[in-house]
Amino acid sequence: VSSAELTPEATRRPFAGRRVRFGDLLLQLVAGLAAAAATALVFLIAWKVVEGARPAIVRYGLHFITRDVWNPVVGREAFGAASFLFGTAVTSLLALALAAPLAIGAALFLTELAPRVLRAPVTSLIETLAAIPSVVIGLWGIYVLGPILAQHVEPALHSAFGFIPLFGPPGSTGSSLFTATVVLTMMILPIVSSITRELFLGVPRELKEGALALGTTRWEMVRGVIFPYARGGIFAALILGLGRAIGEAIAVTQVSGGGVGIHWNLFSTGDTLASKIASSYQGAATNLEEHSLIYLGLILLVFSLLASISAQWIVRRVARRQGVGLSRGGLG
Amino acid sequence: MSTHGITRADMHAVNLPRRRATNRLMEGLAWLAAAIAIGFLVLIVWSVAQKGASQLNLDLITKTPATGFLAAGGGGLANAFAGTLVIVAIATLIALPTGILVALYLIEFAPASVRSVVSLALDVLNGVPAIVIGIFVYGLFVLGHGQSGYAASFALACLMLPLVARSTMEVLLLVPNSLREASLALGVARWRTTLSIVLPQTIGGIVTGTVLAVARVAGETAPILFTSSLVGTALHWDPHHALQTVPVAIFELSESADPQDHARAWAAALVLLLFILLTSLIARWLATRSRRKLSTSR
């Protein structure tokens, strides 16, 4: 700043308040515009997706959700989301059920049990799992995981638990909802575990040591101190993991085999909302099919909005109650 | 999972050997969970390395896919590597400055109420499934204009923006306030303080965040399917037209019936995986370095 800016008036009234500088205004304006654009982008996404789906919304309304049909044949077209909603619900809920104990166990290992030299490398290894592109996981799912599951795991599960409809007759190729579930488990495990690890690290040391000093075993300390303290955050992490599983398209398309129809057999093929959209990328047969595909995308968008907003709501509530910056821990 | 507190029964009625056994069991399960997580990583990386390495040669990067009935399955994926390079570069050019500006506004200028609204929007944006971003950009640019590299770049930029903004915000928060105050006390204008005193402190963190974001979107398939996937086999660099990309190529080859296509898919997956693992490693190294520097300067 040159001394020329020190005008006589400013020297006479040194506490006249902050001067408004052109540069300040400009930077604030440009940065503010960028922030406004980022916020507007969310609304633009919602608007464009609704606009693309509108003809299908007008045609089918909310009944779209409960119709179990997808017939693109011109002249007798009929579209509905029910079987894809079902596939999404089965695969992502099961994946979450498998990933949650693994992720929480791994996070406990990293924060409480692992020898100090192992902590940093194992943490990075688990985070590396999250960096593997879904198309690579899908490729592995088709040619490595699928055949293993179809030849060894599915027959074993069928013979042991065949009375449960989920474990029906095994498929032959490995393309199944079950393979999709395992692939999704692998994809959300590192996300949930890295968030829960940060939560566990945030548990005050004196609480943990207090419990141990009272004579609890380590597991009793975990159950009595760590879990209650981190409960809200764990719940938020699980919601985010579920959101990720619901939205995953490519890997599921590659391994789930596709198909329309609601059935309880995990070892048979199926489609989720996201995988149906991805597998139809080479063009829909008719305009109505395209609008219906975008309608599926709209349902996905609603799910992801619900997941993000409820997770953030929980995180902010917990942060306010505990007065710590949980949200800085990678929940973004 | 039970989350109620420690009851009297836990402490007294249950005998100590049994409590110790439960503890040991649970500790064992936690070790097992971590081992399974790492096992997944090892399994994937090992399969890709094993199946990809034998197919890996210079042709993959230098030659375009062979065309014609008899030549099916031959050649390389040069067009895909070129396309990924162009599309990711343009996406970075869009997302990097925007992300930094958003972060600057939120940390340096915005009132608390605005900050919480915009950062919620960033979180929501981060949670939007990639395939929905693809549909969005399809409706925004592709309908009526056709697919293009630019459309794919914009889609990837939407995915990068929250990542870059979030990581920049985190490092901006680490810059000590005394630095800002010292600069302002010397009479330096606020905008100059922000751009030439605060921002340079955060370069390390911004680079880390950007590299991680690049690693993430370079492997994205879903947003590109609708924006830049209907392509030929010729090598070209012009983002006005649809460009082939490595993830989409892997996706298409993996669904093909020809075993030779699978081999090329594995080789391309190996190259993509190596790129992503290397960039993440570099990013992590940069992150620890810059964080150490910032925390000592405090």
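Run B:Ala234 past the list (1) crowded, with 21+ Cβ neighbours inside 10 Å; (2) closer than 25 Å to B:Leu270 by Cα and report the number of the one that doesn't hold.
Unmet for B:Ala234, out of (1) crowded, with 21+ Cβ neighbours inside 10 Å; (2) closer than 25 Å to B:Leu270 by Cα: (1).
Given the structure, is A:Ser194 part of a loop (DSSP other than H, G, I, E, B) and open to solvent by 30 Å² or more (accessible area, probe 1.4 Å)?
The answer is no for A:Ser194.
Return the pair list, or none, for Cβ contacts closer than 8 Å from residues in the range B:109-129 that are on the phi < 0 side of the Ramachandran plot to residues that are among the aromatic types (Phe, Trp, Tyr), at least 6 apart or on different chains.
B:Val118/B:Tyr105
Residue by residue, here is whether (1) at pLDDT below 90; (2) open to solvent by 10 Å² or more (accessible area, probe 1.4 Å); (3) in contact with a strand residue (DSSP E or B) (Cβ under 7 Å, 6 or more places away or on another chain) holds:
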residue: A:Pro169; (1), (2), (3): yes, yes, no
residue: A:Leu177; (1), (2), (3): no, no, yes
residue: A:Leu184; (1), (2), (3): no, no, no
residue: A:Leu189; (1), (2), (3): no, no, no
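Looking at A:Val182, A:Val225, A:Val135, which one is more than 21 Å from A:Gly257 (Cβ to Cβ) and either out of contact with any Gly (no Cβ under 7 Å at 6 or more places or on another chain) or of a type outside the set (Asp, Glu) (or both)?
A:Val225
Just to be sure before I move on: is B:Gln260 over 24 Å from A:Leu293 (Cα atoms), in contact (Cβ under 8 Å) with a residue 40 or more places away in the chain and more than 10 Å from chain A (Cβ to nearest Cβ) in the structure I sent?
Yes: the conditions hold for B:Gln260.
Matching residues to (1) at pLDDT below 95; (2) more than 14 Å from every other protein chain (Cβ to nearest Cβ); (3) over 20 Å from A:Ile250 (Cβ atoms):
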| residue | (1), (2), (3) |
| --- | --- |
| A:Arg67 | yes, yes, yes |
| A:Ala78 | yes, yes, yes |
| A:Ala81 | yes, yes, no |
| A:Thr88 | no, no, no |
| A:Ala97 | no, no, yes |
| A:Ala100 | no, no, yes |
| A:Gly105 | no, no, yes |
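Any residue in the range B:198-217 that is assigned to a loop (DSSP other than H, G, I, E, B), surrounded by 19 or more Cβ atoms within 10 Å (Cβ to Cβ) and within 11 Å of another protein chain (Cβ to nearest Cβ)?
no
Write out, first by first residue and then by second, each pair whose Cβ atoms fall under 7 Å of each other, whose residues are 6+ apart or on separate chains, and whose first residue, in the range A:205-229, is closer than 18 Å to B:Pro17 by Cα while the second is part of a loop (DSSP other than H, G, I, E, B) and open to solvent by 50 Å² or more (accessible area, probe 1.4 Å).
Every condition considered, the pairs that remain are A:Thr216/B:Ile6; A:Glu220/B:Ile6.
Which residue is farthest from the other protein chains (Cβ to nearest Cβ), if the candidates are limited to the range A:307-330 and must be modelled with pLDDT under 60, touching a helix residue (DSSP H, G or I) at 6+ places or on another chain (Cβ under 6 Å) and at negative phi?
Looking at the filtered set, the residue picked out is A:Leu326.
Hydrophobic (A, V, I, L, M, F, W, C), assigned to a helix (DSSP H, G or I), open to solvent by less than 30 Å² (accessible area, probe 1.4 Å) and closer than 25 Å to B:Ser153 by Cβ: is that true of B:Ile282 in this structure?
no
The values are calculated or read from the model by the stated rules, or taken from the named source; none is laboratory data. Predicted, not measured: the structure shown is a model, and the values here were computed from it. Because the Cβ atoms are built from the backbone with ideal geometry, glycine has one as well, and the counts that use them run over all protein chains shown. Keep in mind that these areas ignore ligands, DNA and RNA; they rest on the heavy atoms of the full protein, side chains included. Shrake-Rupley method; radii C 1.70, N 1.55, O 1.52, S 1.80 Å.
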